[in-house]
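Here is the structure we will look at.
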Amino acid sequence: MAILTAEVISEFDGKVDANKLVYAPLNENASYQKTRVYFIEYAGKVTDAEQFVKRTLVDSYAEDVSFGCEPVLSGFAFFIDYGMKPGALDLEREAILASHRGARDKAMEILSLKLTQRIYIFSDGGVAPERFIRDVCNSAIHVWSVTDANDRDVA
Amino acid sequence: MEERPNALLLKFPGTNCDGETARALEVAGFVTEVLPITRVTELALEAAHLVVLSGGFSYGDYVMAGRLAQLETERKLGDSLIRFRDKGGYLLGICNGFQILTKLGFLPRGSLINNTSGRFICHWTGLKREVSGNPFMNGLPESFELPVAHAEGRFIAPEGAAKSYLAKGLVALTYSSDINGSSSAIAGLTDESGRVLGLMPHPERFLWACNHYDPDWQGDGSEWGWGYMMFKSIHDTIAAELAVVSV
């Protein structure tokens, strides 16, 4: 049993004005970029797990994947990871698991899957994460964490 | 009596344009069967002359539009669709169907990703027909309009490939303005045989002239819209082939 972390980033969608994320204009200049992060607990070879990610979860023409826990981007003020609460129905996770269960020649077994959306916030000023959490995350269904540039959990 | 061509419309969980598309196929003259992907067999393919993947949000567009449908189709049909095409069958993918056909590798290499706006767009758009003699395009003028409705409609291709697709006649349709950031404004692609067509616009939503947003729209003066012409074109092509075979 092992865990594979995969972060998928678009090759075509770069940084965008962070005002698109919030309901009221920001006082600071800030931009954001989104990625997807998959945490896969699996039984089998790591090469097979990586192959599953590349074949199922990544668009080879439009996306890059990075394996491991290091963030794929740098120079950010912080990033927010948010996903469905444990116990809440995560339809995307269920669709991926159902697709994998239906595969004939499974080289590895997925024991559990967690997926989160990651939003990197870039800013020269002192932009705070609270505004983004309030407007992006839904406390009824989401859990989230905020990590700063020094790899500290700040929310 | 003239044999009516058979169309097989494959439906995935989340496909939601199957009703209109089946109606369009019937109106154009096809005998149409709508089959969920779980029930499709090679036998069903053998009876079909045209296989259609209609629009919608297969598997909720999870991961990326068309990916889970691609995997399920490969599992369920293996190489059957390739054999179907190689034996002279026709394939049509509309919107989500275009995304699926692209991921299945039936169309020139590339992918359909999020619109540059990052938003779902839903409006009418001007289109330019880039090919002549394509079995899906007979009767269509050089410029016409169809509705679009998509979030992941920006076609991207490996460096320089989009222009080569245009030069090789693989681009069937282009947008008359940049609505989603597609390379070379590509709205529809065909394969080298011309028997596979994928397009983002929705021809099934413009069957009759009265579907047009302008109540005074005249078109070619008939009761039909441009979308109908597309279905009629492929119907007439297949019907002509069947007539030759039966003689």
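Based on the Cα gyration tensor of the range B:104-180, what are the three equivalent ellipsoid semi-axes, each the root of five times an eigenvalue, rounded to whole Å and given largest first? Could you put the intermediate results ahead of the total?
On the way: eigenvalues 82, 66, 22 Å².
So the equivalent ellipsoid measures 20, 18, 11 Å along its semi-axes.
So what is Rg over Rh here for chain A, counting just Cα atoms and using Kirkwood for Rh? Each step should come with its number before you reach the end.
On the way: Rg = 16.5 Å, Rh = 16.7 Å.
Taking Rh as the inverse mean 1/r over Cα pairs, Rg/Rh reads 0.99.
Which percent of Cα-Cα pairs in the range B:1-133 sits in each 10 Å bin, short to long?
11, 42, 35, 11, 1, 0
Hey, which of these cross-link pairs are over 21 Å Cα-Cα: B:K128/B:K168; A:K85/A:K106; B:K87/B:K163?
Numbers: B:K128/B:K168 16 Å; A:K85/A:K106 28 Å; B:K87/B:K163 29 Å.
Those over the limit are A:K85/A:K106; B:K87/B:K163.
Would you calculate a helix-derived [θ] at 222 nm for chain B, using -39,500 (n - 2.57) for each DSSP H run of n ≥ 4 and dividing by the full residue count, to the nearest 500? The partial results should precede the final answer.
Values: 7 runs with 72 residues, N = 247.
Computed ellipticity for chain B at 222 nm equals -8500 deg cm²/dmol.
Can you pull out the buried accessible area for chains B and A, both sides counted, probe 1.4 Å, rounded to the nearest 100 Å²? Walk me through the numbers before you get to the answer.
Details: alone 10760 and 9140 Å², together 18160 Å².
The contact between A and B buries close to 1700 Å².
Restricting things to Cα coordinates, could you compute the convex hull volume per residue of the range B:1-78 in Å³?
Details: hull volume 6.0 nm³, N = 78.
Enclosed volume per residue, from the Cα hull, is 77 Å³.
Treat each spin label as a single point 7 Å out from the Cα along the C-beta direction, and report the B:R83 to A:T47 distance in nm.
The answer from the label model is 3.2 nm.
Compute the whole-percent fraction of alpha carbon pairs in the range A:52-141 spaced more than 19 Å apart. Please report the intermediate quantities before stating the final value.
Details: 2264 of 4005 pairs.
For the range A:52-141, the fraction of Cα-Cα distances above 19 Å is 57 percent.
Once you list every other residue whose beta carbon is under 14 Å from the beta carbon of B:K163, what net charge do they have if Lys and Arg are +1 and Asp and Glu are -1?
Here the charged neighbours net out to 0.
Using alpha carbons only, how many angstrom separate the centre of the range B:211-230 from the centre of the range A:31-48?
49 Å
Provide, in order from the shortest bin, the percent of all Cα-Cα pairs of the protein assembly as shown in each 10 Å bin, continuing until the bin that contains the maximum pair distance.
Spelled out bin by bin, the protein assembly as shown gives 5, 21, 29, 23, 15, 6, 1, 0 percent.
In chain A, if the dipole is taken from +1 on Lys/Arg beta carbons and -1 on Asp/Glu beta carbons about the Cα centre, which of A:P71, A:T56, A:G14 is farthest to the positive end?
Among A:P71, A:T56, A:G14, the one farthest towards the positive end of the dipole of chain A is A:T56.
Ratio of alpha-carbon Rg to the 2.2 N^0.38 Å globular estimate for the range B:159-247, to two decimals, please. Spell out each step's value before the answer.
Details: Rg = 16.0 Å, N = 89, 2.2 N^0.38 = 12.1 Å.
In units of the globular-protein estimate, the range B:159-247 measures up at 1.32.
So, in nm, how far is label A:F67 from label B:S176 when the simple model puts each one 7 Å beyond its Cα toward the Cβ?
5.0 nm
What are the semi-axes of the equivalent ellipsoid for the range B:6-246, taken as the square roots of 5 times the Cα gyration tensor eigenvalues, largest first, in whole Å? Write down the numbers at each step before the final one.
Numbers: eigenvalues 111, 98, 63 Å².
For the range B:6-246, the semi-axes come out at 24, 22, 18 Å.
Under the rule of at least 5 residues apart or a separate chain, name every residue whose amide H is placed under 5 Å from the amide H of B:V34.
For B:V34, whose amide H was placed from the backbone, the distant partners under 5 Å are B:L9.
Per residue, how much accessible surface does the range B:6-246 expose to a 1.4 Å probe? Answer in Å², no decimals.
Details: 9160 Å² over 241 residues.
Result: 38 Å² per residue.
The values are calculated or read from the model by the stated rules, or taken from the named source; none is laboratory data. The model shown is predicted, which means the values in this text are computed figures rather than measured ones. All Cβ positions, even for glycine, are placed from backbone atoms using ideal geometry, and neighbour counts span all protein chains on display. Areas reflect the complete protein model, heavy atoms only, side chains present, ligands, DNA and RNA absent. Shrake-Rupley method; radii C 1.70, N 1.55, O 1.52, S 1.80 Å.
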